[in-house]
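Reading through the structure tokens given below for one structure.
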Amino acid sequence: MLVSMTVRNIALIERLDMTFHNGLHVLTGETGAGKSIVVDSINLMLGERADRGLIRTGCDKATVEAVFDISDCVQVREMLAAESLEADGDCITVMREISQADRNICRVCGVIVPLNFLRQISSYLVDIHGQHEHQSLLSEKNHLHFLDSFGEAEHQSLLADVDAKCRLWRESSSLFSALRKENAQREERMELITARSRELDAARLEIGEEEKLQRQRAKLADAEKLNDAIGKAYRNLTETEGARLGVTALLREAMDEMRRISDYDPRYQALAERLSSTFYEAEEMGIELRDALEAESFDPEKNEQILARLDTYRRLEKRYGMEADELVDYAERLKDEMKGLKSMDERLHAAEVEYKAKLSDYRAAARLLTEARQALAKHFEALMENQLKDLGMGNTHFECVFKEPPADQKRVPSIRGDDHVEFFIAPNIGEPLKPLSRTVSGGELSRMMLALKAAAADRNMIPTMIFDEIDTGISGHIASVVAEKMDDIARYHQVVCVTHLAQIAAMADWQYRVEKHVAGERTITTVEQLAPEQRVAEIARLVGADELHQESGLAHARSMLAAAWERKHAQA
């Protein structure tokens, strides 16, 4: 339960410390005193949207911190354990801070946590009912949830079974749909795969071949340069035919010419010998160049083959947007895909069988749930009519209407089953049943919600329930009945209620007065837990006692408190 709460710098609240107990707590005060601020603070602490307009004027930040006793909250302990958070014995602290600087902080057990975690854990701690929650009754989509919440463990098991079977059906449906879509495109895809496989197979691609070809091409490019240079040098030395003779032939002619005249002058003899030496040197160089030319065997035909092969790789890489080695893997994947497409009929049949089996399982579970809901609806209708009778709506006929979908509308499996339930009521005898959303007034709506909560008091396991303005549109004798219902709920839960009704205030186990004061030049809201005599005065104010009727008002308040005390002890 909620043990204590500290509020700092929220709207008109500068600092507020409240202590809570077991039983029914009531907050009363003049209109505009700030009762809604207290509820807004609790909402903020529980993870509702942070409105920076709540920050007290002149302050940079605002905080709400609460202590909860979780001794009976197994789900909360499991959530704490999952996040490695440690409670202080049986208590945990929950804190929310909002600031003008766009930094909002949530803490549980002193550790900063995501807002979503705060919301999850608070959903097991506090259940708040205000005007918005009342309006949820008007939405048809919520009615099935209200009905199911009254089901016992066996009913909840049926709900879980339908949920599980629906999810299995959705998985099989997704697979079947994907296969049907794939099958519709099968012929076109098979033609594409066949063409691509034929092209890639014809290319005879191998992993690492492109890199090997590039190395060979680089080597051949160098060999071509060497071969060209050596060939030119060799031809320049050894050419013996044509218009241009090589150096060796020219040296031979020069040598022969000088030898014919060597006898005329020793100088000619010397020149002839030098030319002879040069000739033989050039001849030897020619032989070496010939050997080098033969060693550097550049093969133009092989070079062309390599260039053509590299061009094949580049063309395929550009076409498919892949590297050479990836193309080899891609070719294998295409073959595997082709095998899969060829076995499509078999896989499609298996998926269809699975889909129909899962749908049949779901339908069977949904039928059992429908039968259980229809039986539960009878019990729920009786509970609601009894509660509404207590609340002054004794002639009301309440019914859960199971609506069938239109004949032309396909019923799609849902995790909540095949049922569409809407609450219908006839508030007066002789009137036909009409949808709840088109029938109830504001006061009737409040009583409907209270009837629901009272009927489910022993089922709802959330320890703390907060009612904000549950008494809207209620007065007179019905106010006393509402007070009794609140007391009944407080036997199973800690209840906090904001009210303007003296009957509810008198039924409280603990009463707080919310007041607005001027301190200095600022207005502040305070909350005071009232002592017994203070409660008498506050209840007298609620019944409208003025100065002329103060004594009678106080007497009436005491009688109301006495009657409430007697009821509580009679029920104990």
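All other residues with a Cβ under 14 Å from the Cβ of Lys389 taken together, and with Lys, Arg as +1 and Asp, Glu as -1, what is their net charge?
Result for the neighbourhood of Lys389: -3.
How would you classify the stretch 203-338 from its alpha-carbon gyration tensor, with a ≥ b ≥ c the square roots of the eigenvalues: rounded for a/c under 1.5, else prolate if a/b is greater than b/c, otherwise oblate?
Because a/c hits 1.5 or more and a/b exceeds b/c, the stretch 203-338 counts as prolate.
Can you work out the base-10 log of I(q)/I(0) for the chain at q = 0.05, 0.07 1/Å, using the Debye formula on its C-alpha atoms alone?
Values, matching the q order: -0.48, -0.67.
How would you order 401-413, 43-55 from highest to lowest mean count of nearby Cβ atoms within 10 Å?
43-55, 401-413
Pull out the extension gain between Arg119 and Arg260, defined as 0.36 nm times the separation in residues minus the alpha carbon to alpha carbon distance; nm, one decimal. Write down the numbers at each step before the final one.
Values: separation 141, 0.36 × 141 = 50.76 nm, distance 12.04 nm.
Roughly 38.7 nm would be gained on extension.
Okay, which of the stretch 447-478 sit inside 16 Å, backbone N to the point 7 Å along the Cα-Cβ direction of Ala382?
The answer is 455-456, whose backbone nitrogens lie closer than 16 Å to the label point.
Just to be sure I understand the model, the point goes 7 Å from the Cα along the line to the Cβ. What's the resulting Tyr268 to Ala81 distance in nm?
12.4
For the stretch 395-418 and the stretch 35-96, compute the distance between their C-alpha centroids and round to whole Å.
Taking the Cα centre of each part, the stretch 395-418 and the stretch 35-96 sit 39 Å apart.
Most exposed first by the Cβ proxy, i.e. fewest other Cβ within 10 Å, how do Thr525, Thr19, Thr439 rank?
Thr19, Thr439, Thr525
Given labels modelled 7 Å from the Cα in the Cβ direction, how far is it in nm from Ala562 to Lys516?
Each label point is offset 7 Å from its Cα along the Cβ direction, giving 3.7 nm.
Rounded to whole Hz and in sequence order, give me ³J(HN,Hα) for the stretch 428-440 from the Karplus expression 6.51 cos²θ - 1.76 cosθ + 1.60, θ = phi - 60°, writing x for Gly and Pro.
Using θ = phi - 60°, the values come out as 10, 4, x, 8, x, 5, 9, x, 3, 5, 10, 10, 7 Hz.
Tell me, what HN-Hα J-couplings in whole Hz come from the Karplus equation 6.51 cos²θ - 1.76 cosθ + 1.60 at θ = phi - 60° for each residue of the stretch 207-215, using x for Gly and Pro?
Karplus values, whole Hz, x for Gly and Pro: 5, x, 5, 4, 4, 5, 5, 5, 5.
Rounded to the nearest 0.05, what FRET efficiency do Tyr320 and Leu168 have when you use their Cβ-Cβ distance and R0 = 51 Å?
Approximately 0.85, to the nearest 0.05.
What is the Cα centroid distance between the stretch 1-27 and the stretch 306-326, reported in whole angstrom?
76
Full-extension gain between Asn395 and Ser4, please, as 0.36 nm times their residue separation minus the C-alpha to C-alpha distance.
So the extension gain works out to 136.5 nm.
Considering only DSSP beta bridges with both partners in the chain, what is the antiparallel share in %, to the nearest 5?
In the chain, approximately 75 percent of DSSP beta bridges are antiparallel ones.
Quick check: Cα centre of the stretch 148-165 to Cα centre of the stretch 435-481, how many Å?
So the two Cα centres are separated by 26 Å.
If I take every Cα pair under 8 Å that is 6 or more residues apart in the chain, average their sequence separation and divide by the length, what percent do I get for the relative contact order?
Across the chain, relative contact order equals 21 percent.
With the Cα gyration tensor of the stretch 414-470 giving a ≥ b ≥ c as the square roots of its eigenvalues, does the rule (a/c under 1.5 for rounded; else a/b larger than b/c for prolate; else oblate) give rounded, prolate or oblate?
Note, shape of the stretch 414-470 comes out oblate.
I need Arg96, Arg567, Arg416 ordered by Cβ neighbour count within 10 Å, fewest first. All intermediate terms of the calculation are to be shown ahead of the outcome.
Numbers: Arg96 24, Arg567 14, Arg416 17.
The fewest-first ordering by Cβ neighbours comes to Arg567, Arg416, Arg96.
Can you compute the modelled spin-label distance between Leu226 and Lys181, with each label point 7 Å from Cα toward Cβ, in nm?
A separation of 6.0 nm, rounded to one decimal place.
Can you give the local net charge around Ile425? Use residues other than it whose beta-carbon is closer than 14 angstrom to its beta-carbon, Lys and Arg +1, Asp and Glu -1.
Result for the local shell: -3.
Hey, what number do you get for the chain at 222 nm if only DSSP H runs of n ≥ 4 count, each worth -39500 (n - 2.57), divided across all residues, to the nearest 500? Write out the running numbers ahead of the final one.
On the way: 18 runs with 318 residues, N = 572.
Per the formula, -19000 deg cm²/dmol.
Could you sort the peptides 201-213, 382-394 by per-residue average Cβ neighbour count (10 Å cutoff), highest mean leading?
Going by the mean number of other Cβ atoms within 10 Å, highest first, we get 382-394, 201-213.
Taking neighbour counts of Cβ atoms within 10 Å as a proxy for exposure, in what order, fewest first, do His21, His477, His155 appear?
Least to most surrounded, the residues fall as His477, His21, His155.
Just so you know, all these numbers are worked out from the coordinates, no wet-lab data involved. Keep in mind it's a predicted model, so treat the numbers as computed, not measured. Every residue, glycine as well, gets a Cβ built from its backbone with ideal geometry; the counts of neighbours run over all protein chains shown.
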